[in-house]
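What follows is a short report on a single structure.
The values are calculated or read from the model by the stated rules, or taken from the named source; none is laboratory data. Note that the structure is a prediction, hence the values are computed from the model and not measured. Note that we place each Cβ from the backbone using ideal geometry, even for glycine, and neighbour counts take in every protein chain shown.
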Amino acid sequence: MNPYGLALTLTVFYLFSELHARKRAFYTNPVLLSIATITAIISLSGFPYDSYMESAVFLKFLLGPAVVSLAVPVYKGRGTIKAYAREIALGIAAGGTAAVLSAYYIARLLGGSEEVLLSMAPKSVTTAIAIGISEKIGGIPALTAVLVILTGLLGNAFAPELLNLFRVRDRIARGLATGVSSHGLGTARIILEDELAGAVSGLAMALNGVFTALILPYLIELLK
């Protein structure tokens, strides 16, 4: 196994992280720029994608511990989270349902096929769960995976700015909105700005995955 994919990923992300630390602008988002740059390098150089993924497998392994580590801020903020348990539950139910309906009807208005509509419906759920949901309801899992990643990227790049634009200052609300709408990538961004908001976002991401997996098959039947 060659180390080039791992070295490329770490180098590119480090450089863009440094740039973002200086500029602090949405267009310098290191995740978005890193993905675009690495994609361009792989495409132009002819470096096989499979070889890249094989060499960067260590980073993929770290994804599991990274997700589990979100339990730490949740535990630290458990008192506040418990106090707002009802609001969080209602927010997940409302936000999760809105995410499904908005994706489904926007795709329908744009003339998407039934398969595309079903593939878009679980876009705000973390990838592993979204793919399983897509398979169950008759969507295209590969398309769902791409849409999930795009949704997360948009949340990572713009969620705090949008929340600021609409003057959403409450820390619970900021975390809840980010976690429900843009899962892990959005959570990774918001937790850097506020640990409590990040804790709520991580919790909302997990619970919204469960909520969507339970209600989406029945909701799709009603929409049909």
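Of note:
- Members of segment 206-224 that are under 17 Å from the mean Cα position of the chain (by Cα) and either surrounded by fewer than 18 Cβ atoms within 10 Å (Cβ to Cβ) or not in a helix (DSSP H, G or I) (or both): Val210, Ala213
- Selection count, segment 64-90, where residues are surrounded by 11 or more Cβ atoms within 10 Å (Cβ to Cβ), over 14 Å from Gly202 (Cβ atoms) and not aromatic (Phe, Trp, Tyr): 4
- Taking the listed residues Ser102, Ser34, the one that is assigned by TED's automatic domain parsing to the domain that holds Ile129, of a type in the set (Ser, Thr, Tyr) and either closer than 19 Å to Leu207 by Cβ or in a helix (DSSP H, G or I) (or both) is Ser102, with no other qualifying.
- Verdict on Ala85 being out of contact with any Cys (no Cβ under 6 Å at 6 or more places or on another chain), outside the structural domain of Ile191 (by TED's automatic domain parsing) and not β-branched (Val, Ile, Thr): no
- Residue ID - nearest to Gly155 (Cα to Cα), chosen from residues in segment 1-55 that are surrounded by fewer than 15 Cβ atoms within 10 Å (Cβ to Cβ) and among the β-branched types (Val, Ile, Thr): Thr39
- Filter pass, Thr126 being closer than 21 Å to Leu70 by Cβ and either at pLDDT below 90 or crowded, with 19+ Cβ neighbours inside 10 Å (or both): yes
- Check on Ala99, of a type in the set (Gly, Ala, Ser) and surrounded by 15 or more Cβ atoms within 10 Å (Cβ to Cβ): yes
- Condition check for Ser55: more than 27 Å from Val125 (Cβ to Cβ), touching a residue at least 12 places away in the same chain (Cβ under 8 Å) and not aromatic (Phe, Trp, Tyr): yes
- Tally, over segment 190-205, of residues that are in contact (Cβ under 8 Å) with a residue 24 or more places away in the chain, surrounded by fewer than 23 Cβ atoms within 10 Å (Cβ to Cβ) and either of a type in the set (A, V, I, L, M) or within 16 Å of Pro122 (Cα to Cα) (or both): 2
- Any hit, segment 12-24, residues being on the phi > 0 side of the Ramachandran plot, charged (D, E, K, R) and without any contact (Cβ under 8 Å) to a residue 12 or more places away in the chain: yes
- Selection from segment 187-199 of residues that are closer than 17 Å to Asn164 by Cβ and under 14 Å from the mean Cα position of the chain (by Cα): Arg189, Ile190, Ile191, Gly198
- Test result for Leu150, within 11 Å of the chain's Cα centre (by Cα) and within 25 Å of Leu203 (Cβ to Cβ): yes
- Matching residues, segment 37-52, being in a helix (DSSP H, G or I) and either touching a residue at least 12 places away in the same chain (Cβ under 8 Å) or assigned by TED's automatic domain parsing to the domain that holds Leu153 (or both): Thr37, Ile38, Ile41, Ser51, Tyr52
- Any pair with Cβ under 6 angstrom, 6 or more apart, that starts in segment 155-166 at a residue that is among the acidic types (Asp, Glu) and ends at one that is part of a helix (DSSP H, G or I): Glu161/Phe26
- Sole residue being within 20 Å of the chain's Cα centre (by Cα) and at pLDDT 90 or above, chosen from Leu10, Leu15, Leu33: Leu33
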